[in-house]
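In what follows, a single structure is set out as structure tokens and then discussed.
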Amino acid sequence: MKLSFSAEDETFREEIASWLAVNLGGEFEQLRYRGGPGDEHMFAHERKVWEQAMAKGGWTCVGWPAEHGGRGLSIEQQVIFHEEYARAGGPGRVGHIGEGLAGPTIIAYGTDEQKKKYLPGILNGTELWCQGYSEPGAGSDLANVKTKAVLVEGRWRLSGQKVWTSLAHESDWCFVIARTDPESVRHKGLGFFLVRMDQPGVEVRPIEQLTGTSEFNEVFFEDAIAEDILGEPGEGWKIGMALLGFERGVSTLGQQMSFQNELNEIISIAKQNGAAQDATIRQRIAEAHMGLRLMRYNAMRMLSDNSGGAEDSAALVYKLHWASWHRNLGKLAMDVLGPDSELVESGPYNLSRLQSMYLFTRSDTIYGGTNQVQRNIIAERGLGMPKEQRPQ
């Protein structure tokens, strides 16, 4: 496990930190620390403009190979990029699903024509993506998808419903897992499709959250045309699982810096309002600090393991760890705020950053694989225990 950086890496750190110091100001100053969990609705247009400003500076898709427009950075330098971005208060990235998920998957499995068609829009920040995986009856159990894809006169047409589709209302494209073989079951007979959102047959319905905002949506497909299929019919499960491996990649270090920012704010408030004088609160802050350090070490172990992928033992425990830790941090924030945590300045949903964070963390142990499902995965794939009995 590598825990240090070379002199060249530290020079790169100075480069990205300096660029952020100069550019994350002026019209973008208001975006600092905004757009994170529970706050994704804020400054939607301005964050799109910021995404394109980053692209002009050469700071999007930094881990992509140079032949596809990226910087081809090493793992260490990608880690530094995400750390410095979060440290500077960089806003939530509206292009992260395209950059971190769709793009690497298209690079890995797309044809040359598909790469030329889709990658430039992600790279320059002008085309945003969302993920069409979960369905009302297929959340953590992704292999249970019911959305159908039928080949009609050489075009795949999709019909079905997706749910919890983050940023669908802002997105130009969606990658969708759908069933190409109506007789197939479970993970067989699936396809991985690239679908334009602005077309007849695609309807987006926002889902209002506890915060009163709508970061995610239901998406209904009714004979919607898929622009392309990635890979071959029947390879959707393989490609979808590869994408989940990209999801648990190097950007996790940036996520941890965002967590550190939240913890720092909690500590500052505890010192100001006297909550830090409570021995129990001090103990919980210490436990939060230790948990975050363990999270970093596990992520570095995960990134240092050449076997990689979502099946790696370090990757298997990561989601369970950070989701539970972040949920507990939300509770700590409310206890540190004390009675103020129950109050808002005005209106029903004019929440502070920590109040929004607390409400959002209620979902951390559910989305992306519930804690219960993650424990099953750890037991079966990580520890080799007998698999749970499933209906035939």
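Read-outs: derived from the displayed coordinates by stated rules, not from any lab. Keep in mind it's a predicted model, so treat the numbers as computed, not measured. Because the Cβ atoms are built from the backbone with ideal geometry, glycine has one as well, and the counts that use them run over all protein chains shown.
Please list 3J(HN,Hα) in residue order for the range 50-57, calculated via the Karplus relation 6.51 cos²θ - 1.76 cosθ + 1.60 where θ = phi - 60°; whole Hz, with x for glycine and proline.
4, 4, 6, 5, 4, 4, 5, x
Please give me the summed charge of the neighbours of TRP325: other residues whose Cβ is under 13 Å from its Cβ, Lys and Arg +1, Asp and Glu -1.
Numbers: positive: ARG284, ARG293, ARG296, LYS319, ARG327, LYS331; negative: GLU262, GLU287, ASP364.
For residues surrounding TRP325, the net value is +3.
Determine which residues of the range 258-272 fall in the zone a paramagnetic label at ARG282 would reach in this model, i.e. backbone nitrogen under 20 Å from the point 7 Å along Cα→Cβ.
Under cut-off, by backbone N: 263-272.
How many Å³ per residue does the convex hull of the Cα positions in the chain occupy?
156 Å³
Of the options ALA323, PHE220, LEU101, report the single residue whose Cα projects farthest towards the positive end of the charge dipole of the chain (beta-carbon charges: Lys, Arg +1; Asp, Glu -1).
The one lying farthest along the dipole's positive direction is ALA323.
Please check: in the Gaussian network model of the chain (C-alpha springs, under 10 Å), which one of VAL152, VAL219, VAL195 has the largest mean-square fluctuation.
VAL152
For ILE207 and MET241 in the same chain, what is the full-extension length gain: residue separation times 0.36 nm, less their Cα-Cα distance, in nm? Can you show the working numbers first?
On the way: separation 34, 0.36 × 34 = 12.24 nm, distance 2.62 nm.
Fully extending the segment from ILE207 to MET241 adds 9.6 nm.
Could you pull out every one of the lysines with an alpha carbon less than 18 Å from that of LYS48, ignoring same-chain neighbours closer than 8 positions?
LYS56
Rounded to the nearest 0.05, what FRET efficiency do VAL22 and HIS45 have when you use their Cβ-Cβ distance and R0 = 22 Å?
Numbers: r = 22 Å, r/R0 = 1.01.
So the FRET efficiency works out to roughly 0.50.
Give, to the nearest whole percent, the P(r) tail of the range 1-133 beyond 21 angstrom, counting all Cα pairs.
So the pairs more than 21 Å apart make up 42 percent of the total in the range 1-133.
Thinking of the range 129-234 as a set of Cα atoms, what percent of all their pairs are more than 24 Å apart? Write down the numbers at each step before the final one.
Numbers: 969 of 5565 pairs.
For the range 129-234, the fraction of Cα-Cα distances above 24 Å is 17 percent.
With a cut-off of 8 Å between alpha carbons and a minimum separation of six or more residues, what is the relative contact order of the range 7-94 in percent? Each step should come with its number before you reach the end.
On the way: 87 pairs, mean separation 36.6, N = 88.
Reported relative contact order: 42 percent.
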